[in-house]
1. Do we have any residue at all in the range 56-67 that's surrounded by fewer than 13 Cβ atoms within 10 Å (Cβ to Cβ) and under 30 Å from Val148 (Cα atoms)?
2. If I filter the range 17-36 down to residues being part of a loop (DSSP other than H, G, I, E, B) and touching a residue at least 12 places away in the same chain (Cβ under 8 Å), which single residue comes out as nearest to Leu80 (Cα to Cα)?
3. Go through the range 227-258 and report how many residues are more than 21 Å from Pro14 (Cα to Cα), free of Cβ contacts under 8 Å to residues at least 24 places away in the same chain and not in a strand (DSSP E or B).
4. Does Phe74 satisfy the criteria of being surrounded by fewer than 22 Cβ atoms within 10 Å (Cβ to Cβ) and either assigned by TED's automatic domain parsing to the domain that holds Glu164 or under 16 Å from the mean Cα position of the chain (by Cα) (or both)?
5. Going through Thr82, Thr93 one at a time, which residue ends up being surrounded by 18 or more Cβ atoms within 10 Å (Cβ to Cβ) and in contact with an Asp or Glu (Cβ under 6 Å, 6 or more places away or on another chain)?
6. If Lys218 satisfies every condition in (1) under 30 Å from Tyr158 (Cβ atoms); (2) in contact (Cβ under 8 Å) with a residue 12 or more places away in the chain; (3) outside any helix (DSSP H, G or I) but one, which is the exception?
7. What tally of residues in the range 38-68 results from selecting those that are hydrophobic (A, V, I, L, M, F, W, C), more than 23 Å from Lys162 (Cα to Cα) and modelled with pLDDT of 85 or more?
Amino acid sequence: MGNKLEKINSRPAPYEFYTAKELWNDEYTSKQMLSCHLNGDVDISSRRFEFIDKSVEWIASAFNVNENTKIVDFGCGPGLYTHRLARKNAQVTGIDFSKRSIDYAKALAAKENLAINYINADYLEFDTDQRFDLILMIMCDYCALCPVQRKKIVQKYYTLLKPEGSVLLDVYSIVAYEAREEQSICEENLLDGFWAEGEYKGHLNTFKYEEDKVVLDKYTIIEPTRERTFYNWLKYFTHEELEKEFAEAGFKIEKFYSDVAGTPFDIKATEFAVIATK
């Protein structure tokens, strides 16, 4: 028992383990994640629908979205942004490695007769001959990537954009990092049964990595017949640090905002958004 608890409570090296695909493609947890996406009253997997509506209106205006605008959404989920942008007549592509989310998005697009190109793939491996006017990565997905992955994705963005094309994404700020605290929790059916259909014991260990400004939420789920561990890494940024990562790939930072709905930048905000232009 002592060795098991030691393993559960052990602190891995930054980005030592990566389990995002397991989370999003597991039969049960993918269903739970989709349910969170589609709950428009909470900010969990996606933002509240009221905010998404506001955000899409701002994006359509800020980037002059029309029938000639080509947009790709990295990590599109069930299409909450892509559907709304397609209704603005944009030519939209959505990429996500959750088959459940993509299947839902495809079905909804067909029902509404929206010509959206949905791709079930790891966006880190995505490639196409198409070139886009606007690339989106929303809900702080960029923060879940390790430094090597972030470098790869920003270089990919640069390749996929048309001349003078733009990237819009949001990240968690250092203010949010300072508010996080290390913790160790053990509960029956942790997160109200989110992790498994039957009875289980859930351990949550939250670790902070001061040098990297990274937080890990490590979930160990113990069921009668199996034990699983999920690692949720989040990197927290200063605007100078984010600008540096994009500048190294050849981007110019046009402007910072407090969110992807165009709220003016506030240094005290827990999140911020950036427009980077090729």
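1. no
2. Only one residue tops the list, namely Thr19.
3. 3
4. So Phe74 fails the test.
5. Answer to the check: Thr82.
6. The failed condition is (1).
7. Going through the range 38-68 one residue at a time, the tally reaches 3.
Every residue, every condition in (1) surrounded by 16 or more Cβ atoms within 10 Å (Cβ to Cβ); (2) among the basic types (Lys, Arg), yes or no:
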residue	(1), (2)
Asp217	no, no
Glu227	no, no
Tyr236	yes, no
Lys255	no, yes
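The values are calculated or read from the model by the stated rules, or taken from the named source; none is laboratory data. Keep in mind it's a predicted model, so treat the numbers as computed, not measured. With ideal geometry, Cβ positions are generated from the backbone for all residues, glycine too; neighbour counts draw on all protein chains shown.
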